[in-house]
Structure formats: structure tokens, C-alpha cells
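Report on one structure; see the data block that follows.
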Amino acid sequence: MGKVYLVGVGPGGELYITEIAKRLIESADVVVGYKHALNVIKNIVDKGYDEMREKSREKSEMAKREKKDVRMITLKTQDEVYAQLLDYLKGKDGEEGEKRRGREREGERKGEGGRGEKVCCILFTGDPDFSESEIVDKLVSLFESNGIEVEIIPGISSVQVAAARSKVAIDRSSLITFHVTGSIDREKDALLNTLRAKRPVILLPRPWDFMPQHIGRFLRDEGIDVDAFTVDIYENLTLSNEKVTRCKLADIPDRDYSDLCVMVIKPSQQQ
């Protein structure tokens, strides 16, 4: 039927996309992702299409093929798009899908290439194995329960980049993500316990209700000595509009922050 790759595309800068991710995206039949992830790989998708056109310059039928099937998702549309993708991989995607398969069969008949197994890349900012566990588990279950193989392709996470910039060893820090739906009480407890133990924390805030200024106030209210810790706040890491704020935990500016935000909190003596 097909195969699905869950592909990490790095923190945002194209130089941070791994070679295997590039190759899979270039060759995939369908690419799915949120707007930011699709922006990261735009040049790769265009390159794959241009190479296809170059190889088939003298083959009129192939030259008329449409560009790669790229589908953007949002929180509201993701379930619908994933269901459509499942139908596509199972060959149940209606009239348009049948037309596309007809064109592909015609190309194969004329010796113009083609492959039986459809390949889809679902993109994740950073690394799928960190911060995206809820949706990864959901997708693995959805596709594998329908007989479709799923493979996870790791990527470079903004957490790794932030740790390197702050010179904090990941294996001596706590990694906490607030990129979860529902209650974040367990994550809050983990954050409090780590700081009370004077260990560094690398964390991803929750964009809609638990950003750096909220975290600073929460820690103060819970009795953490916010003057005893420093924080590095990274926004849009590896992108042209990257911004870094370094201050005491007590002095986090009360302003709007990018959704692409990473915080590194460490005891002051570890500066």
C-alpha cells in the first residue's frame, strides 16, 4: 500500500536538515506538515520537482505531471488530513486519486518510470521523538493498524542547539516539554523538583498559555529563588530572525515571545 516516514526537519535553518531527510522529502509522493515545517523544506521540495522535470525533459507525459503533493495542516485540520492520507495510501481517495493513479499507470506503460508503493513524509519541526510524542504515537497507531509501515527519521532538535549555545550538557540537565494538550501539572512538578535540586533545565514552553513570563511568575509563586538562576531564552533558533534574551530568572521580560521558543535555566554559578 505504501509507507509513511515521520521526518524531523530540524529547528528551522536549512543547514540543520539531515541528508536522509532531504532525500526522503525529495522523493516522496506526498509531504504533510505544519506551515513552519513546510517553509523549512520549501527549497527541497522545489529542487525535487525541478530534478524530476530535468530528467523527463523529453518525455512529454511526465513533463506534464503536477508538482509534488504538499498538504499543510493546522490543529483544526490535522485529523482530517491524516484520514485523507490514509485513504490515499490505501487507494480509497476518490475520483481525483483514481485520475492520478491512471496517469501514473500510463507513465509506467510507456516506460516512464513510476513505483507501486506510495511514500509519504509527515514533517516535524526538530526531532519527532522529542516534544511530539502525543502525535507520533497517534500516527504510528493510525497507519500501522491499517497495515502501513511507519518509520521515524530523527532530526536535530532546537533543544540540542540551545544546549550547545548555552554550553549546558544535556546528560546533566532535565529536558521538559510543555508541548502537550490538557494538564501540565506533571511537567510543572518536574520543573520545580529539578530547580530545587539545583540542576539545569532545558524546556519548551507552551505557546498558548505557559510562555517565559508565565514560567517566571509560576516559579516565583512556588517559592523558587528566582534570583539564584539565570535563563537563556532562544526564539527562532537558526533562522534569520533569531533572538536571544539572557537574564536572571527574576527578570524575564513580560512581552510576546515566538512560538518557536526554548529556555535554558541554570544555577547562577554555572554561567
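Quick one: net charge of ILE170's neighbours, Cβ under 13 Å, K/R +1, D/E -1?
So the environment of ILE170 carries a net charge of +3.
Can you give the accessible area per residue of the stretch 182-271, in Å², using a 1.4 Å probe?
Result: 48 Å² per residue.
At GLU14 and ASN193, where each label point lies 7 Å from the Cα along Cα→Cβ, what is the point-to-point distance in nanometres?
Distance between label points: 4.4 nm.
Can you figure out the FRET efficiency of SER27 with VAL180, using R₀ = 41 Å and their beta-carbon distance, to the nearest 0.05?
Result of the calculation: an efficiency of 0.80.
Rg and Dmax in Å for the stretch 189-271, alpha carbons only: what are they?
Rg then Dmax for the stretch 189-271, in Å: 12.1, 37.
Take the Cα of GLU117, step 7 Å along the line toward its Cβ, and report every residue of the stretch 128-156 whose backbone nitrogen sits under 14 Å from that point.
147-152
So if R0 is 25 Å, what FRET efficiency would SER141 and MET72 give, r being the distance between their Cβ atoms, rounded to the nearest 0.05?
Calculated value: 0.65.
The values are calculated or read from the model by the stated rules, or taken from the named source; none is laboratory data. In this text the structure is predicted, and so the values were computed from the model without any measurement. Note that each Cβ is placed from the backbone with ideal geometry, even for glycine, and that neighbours are counted across all protein chains shown. What goes into the accessible areas is simple: the full protein's heavy atoms, side chains included, and nothing from ligands, DNA or RNA. Shrake-Rupley method; radii C 1.70, N 1.55, O 1.52, S 1.80 Å.
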